Amino acid sequence: QVQLVESGGGLVQAGGSLRLSCAASGRTFGSYVMGWFRQAPGKEREFVAAIRWTGGTTYYADFVKGRFTISRDNAKNTVYLQMNSLKSEDTASYYCAASMRGYRSDYAGYDYWGQGTQVTVSS
């Protein structure tokens with residue numbers, strides 16, 4: 001059974017940084033793409049970043065390029081999202097997801113989801 005468990009969210013001032021973690025378990029993820037999505041109240045879930053577990057190719061939404069970095073630690077089966085220069089509009093619940101179907105930026109393309117972690121950026 002696949003489990004994705006996010007951690008690292010919290011309250012931070014604008015301009016600050018947070019690092020989110022997603023611990024993955026339940027199978028071998030070598031062929032998967034791991035993604036981060038976010039959802040703010042009243043808004044649709046949106047793509048933030050993704051990484052191919054094998055090879056490490058990364059993908060980013062335009063609004064986070066240069067501020068967020070996705071990475072993975074194969075030994076720990078963990079994916080990270082380093083978020084710098086945070087803005088109030090980054091406030092949302094952040095979700096980790098796993099796709100068996102290659103890189104996708106739509107949430108329907110992901111097969112497994114974590115429970116989410118809240119990020120709140122105060123201005």
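The values are calculated or read from the model by the stated rules, or taken from the named source; none is laboratory data. From a predicted model like this one, the values you see are computed outputs, not experimental measurements. Cβ placement follows ideal geometry from the backbone for every residue including glycine, while neighbour counts extend to all protein chains displayed. Note: accessible area is taken over every heavy atom of the protein model, side chains too, but ligands, DNA and RNA are not part of it. Shrake-Rupley method; radii C 1.70, N 1.55, O 1.52, S 1.80 Å.
Any idea which residue in region 69-88 is farthest from T28 (Cα to Cα), counting only those that are open to solvent by 60 Å² or more (accessible area, probe 1.4 Å) and without any contact (Cβ under 8 Å) to a residue 24 or more places away in the chain?
T69
Of W53, W36, which residue is under 11 Å from the mean Cα position of the chain (by Cα) and aromatic (F, W, Y)?
W36
Go through region 1-21 and report how many residues are open to solvent by less than 50 Å² (accessible area, probe 1.4 Å) and modelled with pLDDT under 95.
Applying the first criterion (open to solvent by less than 50 Å² (accessible area, probe 1.4 Å)) to region 1-21 yields 2, 4, 6, 8-10, 12, 16, 18, 20-21.
In the following step, the residues that additionally are modelled with pLDDT under 95 were identified as 2.
The total comes to 1.
May I ask you to verify whether S31 is touching a residue at least 60 places away in the same chain (Cβ under 8 Å), over 26 Å from S123 (Cβ atoms) and open to solvent by 10 Å² or more (accessible area, probe 1.4 Å)?
yes
Scanning region 78-92 for residues that are among the polar types (S, T, N, Q) and touching a Ser or Thr at 6+ places or on another chain (Cβ under 7 Å), which turns out nearest to T54 (Cα to Cα)? Let's see the steps before the verdict.
Filtering region 78-92 for residues among the polar types (S, T, N, Q) gives 78, 82, 84-85, 88, 91.
If we keep only those that are touching a Ser or Thr at 6+ places or on another chain (Cβ under 7 Å) too, we end up with 78, 82, 84, 88, 91.
Numbers: T78: 13, Q82: 19, N84: 25, S88: 33, T91: 30 Å.
Among them, the one singled out is T78.
Considering W53, W113, which residue is of a type in the set (F, W, Y), open to solvent by 60 Å² or more (accessible area, probe 1.4 Å) and either modelled with pLDDT of 95 or more or closer than 14 Å to A24 by Cβ (or both)?
W113
Would you check if A24 is out of contact with any Pro (no Cβ under 8 Å at 6 or more places or on another chain), surrounded by fewer than 19 Cβ atoms within 10 Å (Cβ to Cβ) and not basic (K, R)? Don't jump to the end; show me each part of the working.
On the way: out of contact with any Pro (no Cβ under 8 Å at 6 or more places or on another chain): yes; surrounded by fewer than 19 Cβ atoms within 10 Å (Cβ to Cβ): no; not basic (K, R): yes.
The answer is no for A24.
Consider only pairs whose beta carbons are under 6 Å apart and that are at least six residues apart or on different chains; among these, list those whose first residue lies in region 6-27 and is farther than 17 Å from V121 by Cβ and whose second residue is at pLDDT 95 or above and acidic (D, E).
If the second residue must be at pLDDT 95 or above and acidic (D, E), the pairs left are C22/E6.
Does at least one position in region 89-102 carry a residue that is touching a Leu at 6+ places or on another chain (Cβ under 8 Å), modelled with pLDDT of 95 or more and open to solvent by 20 Å² or more (accessible area, probe 1.4 Å)? Explain how you work it out, then say what you get.
Of all residues in region 89-102, those touching a Leu at 6+ places or on another chain (Cβ under 8 Å) come to 94, 96-98.
If we keep only those that are modelled with pLDDT of 95 or more as well, we get 94, 96-98.
Filter again for open to solvent by 20 Å² or more (accessible area, probe 1.4 Å), leaving none.
Within region 89-102 (the criterion being touching a Leu at 6+ places or on another chain (Cβ under 8 Å), modelled with pLDDT of 95 or more and open to solvent by 20 Å² or more (accessible area, probe 1.4 Å)), the answer is no, since none of the residues qualifies.
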